[in-house]
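Notes follow once the structure below has been shown.
All of the numbers you see were taken from the coordinates with simple rules; none came from a lab. Keep in mind the model is a prediction, meaning the values are calculated, not measured. Quick reminder, even Gly has a Cβ in these numbers, built from the backbone with ideal geometry, and neighbours come from all protein chains shown.
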Amino acid sequence: MPNSRLSIVVVAVGGHHAMARCLQSMAFQCGGPDTEVIVVGSRGDGVDARLLDVIPNLQIVELAERLPIPRMRRLGWQKSHGDLIAFTEDHCLVAPDWIDQIRQAHERPHAAIGGSVRPAEQASLIGWAVYFCEYAAYLQPRAGATRQLPGNNVSYTRAALAIGSDLLEAGAWENLLHTRLQQAGLSLIAVPGITVYFQNQFSFREFIRLRFHYGRCYAGTRAQGMPMVYQRLFALGCLFLPMLLCFRMMVCAGRRTDYLGRWAIALPWIIAFTLAWSMGEAVGYLCGPGYSCRQA
């Protein structure tokens, strides 16, 4: 889509310093009239007029309290005017050519395009564990059609988002939107050159709590309408999830030999986080999502 207007929605979860750094990483790329940046978050997460010092024409959607990430994305989408809408989060720093890469990728008629998510420099052991749990699959994705894209480094045509507008309105996570797009015959495309760098903001206690809620929300949503016998079988299968998840992370880390050692050193924390996710999934299949989707 040449000469398209691009809207960038940045969700706030990490505080003012994290958001300021994120915006600084893209500030020199988005000075033209064909790019708008929309920040969504609460004052408690550092979303206030001070951010205008970084990007003067920034649009700020200030909330009274923090909402779940999908609901903040929805608010950003509703405020956007672009033909293309890109989503990221404040704990990401974008590469110097991030916007150019997005525009170039959308010159072809792709509905949804995602890039790679790499760890920022000088990550702690917990930071590496958080990274591998969340983004190992996007360390070095294979270019071309794929089944999943990262929610913090993804862009869509406005027409594609319209297909999943009911999901966006309901505050659904991106995996449900991506499934809807594929069911409509549209492809998800990975472009490794569209890069963001993840900088961890989570403590061990905070992230292990989030992993439980993420797991329960995912499984509880997935189990809705599922026969009870399948719910119980999936819950039983959660016993094997920690081993499976750790193995998948190891395979992804192995694509970069310099990261495989980091994975091994961070393994005790990774195991703890995967156990929390697996427990959350089991509870979700057996008891439903509860309030976990509001906590995630």
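Nearest 10 degrees is fine. How inclined is helix 228-237 to the longest principal axis of the chain, computing both from alpha carbons?
The two axes meet at around 90 degrees.
Can you tell me the orientation of helix 174-183 relative to the chain, as the angle in degrees between its alpha-carbon axis and the longest Cα principal axis, to the nearest 10?
90
Karplus couplings for segment 34-51 from phi (6.51 cos²θ - 1.76 cosθ + 1.60, θ = phi - 60°), rounded to Hz, Gly and Pro as x?
With coefficients 6.51, -1.76 and 1.60, one gets 8, 9, 10, 10, 10, 9, 10, x, 9, 4, x, 9, x, 8, 7, 5, 4, 5 Hz.
Output needed: Cys residues of the chain lacking any neighbouring Cys C-beta below 4.7 Å, sorted by number.
Isolated Cys, the chain: C22, C30, C92, C133, C238, C246, C252, C287.
What's the exposure ranking of L241, L139, going from fewest to most Cβ atoms within 10 Å?
If I rank by nearby Cβ atoms, fewest first, I get L241, L139.
If the only charges are +1 at each Lys and Arg Cβ and -1 at each Asp and Glu Cβ, what is the size of the charge dipole of segment 169-232 around the Cα centre, to the nearest 20 debye?
Here the size comes out at about 320 debye.
Subtract the Cα-Cα distance of R50 and C287 from 0.36 nm times their separation in residues, and report this length gain in nm to one decimal.
81.0 nm
Across segment 204-295, what fraction of all alpha-carbon pairs, as a whole percent, falls in each successive 10 Å bin from zero upward?
Each 10 Å bin holds this share of Cα pairs: 18, 41, 29, 11, 1.
Just flag the trypsin sites (Lys or Arg not before Pro) in segment 200-287 sitting in loop per DSSP whose Cβ has no more than 14 other Cβ atoms within 10 Å.
R255, R256
For segment 149-197, treating each Cα as an identical point scatterer without solvent, what Debye log10 I(q)/I(0) comes out at q = 0.19 1/Å?
Cα-only, vacuum Debye calculation for segment 149-197: -0.62.
How far apart, in nanometres, would the label points at E169 and H81 be if each is projected 7 angstrom from Cα along the Cα-to-Cβ direction?
So the label points at E169 and H81 sit 2.4 nm apart.
Just in segment 1-106: which GluC sites (Glu not before Pro) are loop by DSSP and have at most 15 other Cβ atoms within 10 Å?
E65
If we count other beta carbons within 10 Å of each Cβ, what is the order of C238, C92, fewest first?
C238, C92
Before anything else, pin down the relative contact order of segment 79-169: Cα pairs under 8 Å, at least 6 apart, normalised by residue count, whole percent.
48
Along each of its three principal axes, how wide is the spread of alpha-carbon positions in the chain, in whole angstrom units, largest first?
53, 42, 40
If the chain between Q183 and I271 were fully stretched, how many nm would it gain, using 0.36 nm times the residue separation less the Cα-Cα distance?
Net length gain for the segment: 28.3 nm.
In nm, to one decimal, how far is the modelled label at A264 from the one at D34, with both set 7 Å along Cα→Cβ?
Using points 7 Å along Cα→Cβ, the separation is 4.8 nm.
Just want to confirm a number: the relative contact order over the chain, from Cα pairs under 8 angstrom separated by 6+ residues, in percent.
Worked out over the chain, it gives 21 percent.
With each label point set 7 Å from Cα along the Cα-Cβ vector, what nm distance links Q104 and R248?
So the two model labels end up 3.0 nm from each other.
Under a Cβ-only charge scheme (Lys and Arg +1, Asp and Glu -1), can you give me the dipole magnitude of the chain about the Cα centre, in debye to the nearest 20?
Dipole of the chain, to the nearest 20 debye: 800 debye.
Can you give the calculated 222 nm mean residue ellipticity of the chain, where each DSSP H run of n ≥ 4 adds -39,500 (n - 2.57) and the sum is split over every residue, rounded to the nearest 500 deg cm²/dmol?
Value at 222 nm, helices only: -14000 deg cm²/dmol.
Scan around G46 for amide H atoms under 5 Å from its own, H built in the peptide plane at 1.01 Å from N, and keep only partners 5 or more places away or cross-chain.
H16
Output the 0 to 90 degree angle, nearest 10, between the alpha-carbon long axis of helix 267-287 and the longest principal axis computed from the alpha carbons of the chain.
80
Would you give the gap between the C-alpha center of segment 163-180 and the C-alpha center of segment 43-99, rounded to a whole Å?
19
Figure the gain on full extension for E65 and A120 (residue separation times 0.36 nm, minus the Cα-Cα span) and round it to one decimal in nm.
Gain on extension, E65 to A120, equals 17.0 nm.
Assuming a ≥ b ≥ c are the square roots of the Cα gyration tensor eigenvalues, decide whether segment 129-242 counts as rounded (a/c under 1.5), prolate (otherwise, with a/b larger than b/c) or oblate.
Verdict is oblate for segment 129-242.
Which far-off residues, 5 or more places away or on another chain, put their amide H under 5 Å from the one on I8, with H placed in the peptide plane?
E36, V37, I38, A86
For E281, E134, which order do you get if you count the other beta carbons within 10 Å of each Cβ and list the fewest first?
Neighbour counts put them in this order, fewest first: E134, E281.
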